[in-house]
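S.K.: Provided herewith is a single structure, encoded as structure tokens, for subsequent inquiry.
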Amino acid sequence: MDEATLNAYERDAAGFAKEWNEQPSPLDMYDLLSRYFHPGPTADIGCGSGRDLAWLVSNGYDACGFDASPALVRQARSVYDELDVREAALPALEGVPRNFFENVLCETVIMHLDSQDVGLAVTNLFGLVRPGGTLYLSWRVTENQSERDNRGRLYSAFDKQCVVDALSPDAVFLFDREDISASSGKRVHRLVVRKMPAA
């Protein structure tokens, strides 16, 4: 995770969580998760305020969340005390079990990484998925060059091909589209991919 971005979340975890929780529900994303995720252990990587993790649990998924920001982890636990929320950071995701999860959700997180780290992050995200399992991955689209917002958060510009290359050759692409998020109102690219079953 980009250090300045992480520091921004550390400084105002409660403010960010309030902002996210007051946005409209991401019904477009939830529709995709309902369509493509299967029962089984599920990870929300970059779970932030815990909103989407809470949705997963309330919809029957055996889900746990991971976030790079200790302050956001504490914030999520304080609001949703029944949730399993832990610390782990992209791109390495140290301590998160590989080839274990039936479903992995990573909603608008990888654009907070330096563009050079995006491929490794995607490889490690897909490495969490068991054969036959599903990864939902999205990122906010930034054109031309990387930028920071007025709170210091990095929004990296990168080519989708680096994501595709990191998923190949073991991914079956089920959904691949750029949309305006129903929650944030921002332009995001969404992928849903399934890991090829073991031979």
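S.K.: Looking at the range 22-34, is at least one residue among the small types (Gly, Ala, Ser), more than 17 Å from CYS106 (Cβ to Cβ), assigned to a loop (DSSP other than H, G, I, E, B) and modelled with pLDDT under 95?
M.R.: Yes; the residues of the range 22-34 include at least one that is among the small types (Gly, Ala, Ser), more than 17 Å from CYS106 (Cβ to Cβ), assigned to a loop (DSSP other than H, G, I, E, B) and modelled with pLDDT under 95.
S.K.: Looking only at strands (runs of 3 or more DSSP E) that lie completely in the range 71-151, which have at least 2 residues being closer than 18 Å to TYR61 by Cα, among the small types (Gly, Ala, Ser) and out of contact with any Leu (no Cβ under 8 Å at 6 or more places or on another chain)?
M.R.: Of the strands (runs of 3 or more DSSP E) lying wholly inside the range 71-151, those with at least 2 residues that are closer than 18 Å to TYR61 by Cα, among the small types (Gly, Ala, Ser) and out of contact with any Leu (no Cβ under 8 Å at 6 or more places or on another chain) span 129-140.
S.K.: Okay, next question. What about PRO24, is it within 28 Å of GLY152 (Cα to Cα), loosely packed, with under 15 Cβ neighbours inside 10 Å and out of contact with any Gly (no Cβ under 6 Å at 6 or more places or on another chain)?
M.R.: For PRO24, the condition - within 28 Å of GLY152 (Cα to Cα), loosely packed, with under 15 Cβ neighbours inside 10 Å and out of contact with any Gly (no Cβ under 6 Å at 6 or more places or on another chain) - is met.
S.K.: Which condition breaks for ARG153 when tested against (1) touching a strand residue (DSSP E or B) at 6+ places or on another chain (Cβ under 7 Å); (2) closer than 21 Å to GLY65 by Cβ?
M.R.: (1)
S.K.: Let me ask something else about it. Could you check, for the range 99-115, whether at least one of its residues is under 21 Å from ASP28 (Cα atoms) and without any contact (Cβ under 8 Å) to a residue 12 or more places away in the chain?
M.R.: no
S.K.: Can you tell me which residue is farthest from PRO26 (Cα to Cα) among those in the range 175-199 that are aliphatic (A, V, I, L, M), in contact (Cβ under 8 Å) with a residue 60 or more places away in the chain and in a loop (DSSP other than H, G, I, E, B)?
M.R.: So, considering only residues that are aliphatic (A, V, I, L, M), in contact (Cβ under 8 Å) with a residue 60 or more places away in the chain and in a loop (DSSP other than H, G, I, E, B), the one farthest from PRO26 (Cα to Cα) is ALA198.
S.K.: Kindly indicate whether ASP44 is modelled with pLDDT of 95 or more, acidic (Asp, Glu) and outside any helix (DSSP H, G or I).
M.R.: Judged against the criteria, ASP44 is a match.
Listed here are the residues, each with its yes/no results for (1) surrounded by fewer than 17 Cβ atoms within 10 Å (Cβ to Cβ); (2) out of contact with any His (no Cβ under 7 Å at 6 or more places or on another chain); (3) at pLDDT 95 or above.
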residue	(1), (2), (3)
GLY119	no, yes, yes
SER138	no, no, yes
ASN144	yes, yes, no
ALA171	no, yes, yes
PHE175	yes, yes, yes
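S.K.: Answer yes or no as to whether ASP165 is without any contact (Cβ under 8 Å) to a residue 24 or more places away in the chain, within 17 Å of VAL122 (Cα to Cα) and surrounded by fewer than 16 Cβ atoms within 10 Å (Cβ to Cβ).
M.R.: Considered against the rule, which asks whether it is without any contact (Cβ under 8 Å) to a residue 24 or more places away in the chain, within 17 Å of VAL122 (Cα to Cα) and surrounded by fewer than 16 Cβ atoms within 10 Å (Cβ to Cβ), ASP165 comes out as no.
The values are calculated or read from the model by the stated rules, or taken from the named source; none is laboratory data. Note that the structure is a prediction, hence the values are computed from the model and not measured. Here Cβ is always computed from backbone atoms with ideal geometry, including for glycine, and neighbour counts include all displayed protein chains.
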